[in-house]
1. I'm trying to understand the selection: among the residues of the range 176-186, which are out of contact with any Leu (no Cβ under 8 Å at 6 or more places or on another chain) and touching a residue at least 12 places away in the same chain (Cβ under 8 Å)?
2. Have a look at 124, 208 and point out the one that is farther than 23 Å from residue 23 by Cα, part of a strand (DSSP E or B) and at pLDDT 85 or above.
3. Here are the criteria: (1) outside any loop (DSSP other than H, G, I, E, B); (2) without any contact (Cβ under 8 Å) to a residue 12 or more places away in the chain. Tell me which single one residue 102 does not satisfy.
4. Out of (1) at pLDDT below 90; (2) under 33 Å from the mean Cα position of the chain (by Cα), what's the single condition that is false for residue 71?
5. Give the number of residues within the range 197-223 that are surrounded by fewer than 17 Cβ atoms within 10 Å (Cβ to Cβ) and more than 39 Å from the chain's Cα centre (by Cα).
6. Would you check if there is a residue in the range 169-186 being assigned by the TED database to the domain that holds residue 144 and part of a strand (DSSP E or B)?
7. Quick one: count up the residues across the range 133-165 that are under 25 Å from residue 60 (Cα atoms), part of a loop (DSSP other than H, G, I, E, B) and in contact (Cβ under 8 Å) with a residue 24 or more places away in the chain.
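The values are calculated or read from the model by the stated rules, or taken from the named source; none is laboratory data. Note that the structure is a prediction, hence the values are computed from the model and not measured. Heads up, the Cβs are rebuilt from the backbone with ideal geometry, glycines too, and the neighbour counts pull from every protein chain shown. Areas reflect the complete protein model, heavy atoms only, side chains present, ligands, DNA and RNA absent. Shrake-Rupley method; radii C 1.70, N 1.55, O 1.52, S 1.80 Å.
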Amino acid sequence: YTILSKVHSDRNVYPSAGVLFVHVLEREYFKGEFPPYPKPGEISNDPITFNTNLMGYPDRPGWLRYIQRTPYSDGVLYGSPTVENVGKPTIIEITAYNRRTFETARHNLIINIMSAEDFPLPYQAEFFIRNMNVEEMLASEVLGDFLGAVKNVWQPERLNAINITSALDRGGRVPLPINDMKEGVYVMVGADVPFSSCLREVENPQNQLRCSQEMEPVITCDKKFRTQFHIDWCKISLVDNTKQVSTFQEVVRGEGILPDGGEYKPPSDTLKSRDYYSDFLITLAVPSAIALVLFLILAYIMCCRREGVEKRNMQTPDIQLVHHSAIQKSTKELRDMSKNREIAWPLSTLPVFHPVTGEIVPALHADSYDNTSMPLMQTQQNLPHQTQIPQQQSAGQY
């Protein structure tokens with residue numbers, strides 16, 4: 001793998017096809033290019049972000065990825081060049097933005113992809129490391145430790161890091177910020193010797209059953225990785241390119257001469273005139289005539305076929321008509337009686353005789369008076385035209 005720790009303007013790099021390429025964009029280099037320029041010994045910590053794109057295009061090549069977690073961390077370009085781009089210089093425009101002063105600085109990175117003599121390596125294994133993020137794995141010392149552990153388990157003569165992919169690019173979910181959880185990273189390595197017995201243990205039926213039950217398989221060489229790398233052995237992928245059957249089919253090319261289909265006869269320049277009157281009749285006249293006939297039939301049924309009250313009475317039995325007439329007559333009589341009924345007045349409100357004169361005293365209320373609030377009994381003191389009866393006096397006063 002290739003590690004470039006510095007960034008320079010119009011820098012030429014020479015990665016190999018099929019081998020991991022890593023290019024670090026250091027913020028320290030760009031800090032001195034943004035005015036006002038810092039003095040010697042002065043520390044500036046301006047937020048800086050990077051934008052990378054292929055010259056003349058808005059995005060990067062498909063094999064090249066870029067990551068920068070925060071404006072206060074370095075950016076990283078990484079990926080695995082393809083064989084199709086061998087010999088073609090790839091110019092990457094790198095634009096740095098100072099988020100405090102809004103100043104920009106631009107540099108070009110010229111990538112010259114070289115062909116690797118020992119590539120492709122026939123045996124490739126992809127590991128999923130759960131306790132690492134992609135930018136942590138791209139560090140030279142961390143990646144070197146991982147390759148050293150793989151080499152100790154595999155024992156190959158040549159071992160290369162082919163590609164590194166974040167789990168988020170494979171459809172993984174962003175982890176919760178609990179217990180410093182990591183998103184995970186896939187690391188693909190290639191070697192020139194068959195897989196070791198330790199790596200083959202993941203293919204055992206017992207381990208496959210444990211993986212299907214979401215249990216951790218038993219791998220003897222896991223302890224050589226466990227000190228620094230937590231590998232998910234259920235997601236390991238072993239590819240043996242020596243046993244893959246080629247699906248390429250040889251193309252049988254002909255003589256390049258089309259078969260004789262006869263003489264070509266182009267259409268005539270003059271077109272015959274066509275009468276569209278019959279088409280008009282069929283399209284409009286026929287549906288209109290059918291609609292008119294249906295309208296006349298419906299009108300006859302609705303207007304000329306009405307039975308009427310007399311025909312209905314003729315078809316109704318006499319006893320039913322008598323019952324119906326009696327019900328109507330009784331209903332009418334009850335309604336007339338309900339209109340003429342009167343509410344009887346309470347006895348206390350009827351006319352009474354004067355206790356002395358004998359005259360009839362009228363009712364205490366008018367016809368429109370609300371009798372609901374009037375007491376049932378009236379005292380004699382409240383009666384109008386009432387005279388006082390003389391009281392019997394003692395004999396000594398006459």
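1. Filtering the range 176-186 for residues out of contact with any Leu (no Cβ under 8 Å at 6 or more places or on another chain) gives 176-182, 184-186.
Scanning the range 176-186 gives 182, 184, 185, 186.
2. Details: 208 fails: part of a strand (DSSP E or B).
That would be 124, the only listed residue that is farther than 23 Å from residue 23 by Cα, part of a strand (DSSP E or B) and at pLDDT 85 or above.
3. (1)
4. (1)
5. Qualifying residue count for the region: 9.
6. At the first step, the residues of the range 169-186 found to be assigned by the TED database to the domain that holds residue 144 are 169-186.
Those still in the list that are part of a strand (DSSP E or B) too: 185-186.
Yes: the range 169-186 contains one or more residues that are assigned by the TED database to the domain that holds residue 144 and part of a strand (DSSP E or B).
7. 2
Results for (1) more than 15 Å from residue 18 (Cβ to Cβ); (2) open to solvent by 10 Å² or more (accessible area, probe 1.4 Å); (3) within 35 Å of the chain's Cα centre (by Cα), shown as yes or no for each residue.
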position: 80; (1), (2), (3): no, yes, yes
position: 94; (1), (2), (3): yes, no, yes
position: 102; (1), (2), (3): yes, yes, no
position: 106; (1), (2), (3): yes, yes, no
position: 111; (1), (2), (3): no, no, no
position: 140; (1), (2), (3): yes, yes, no
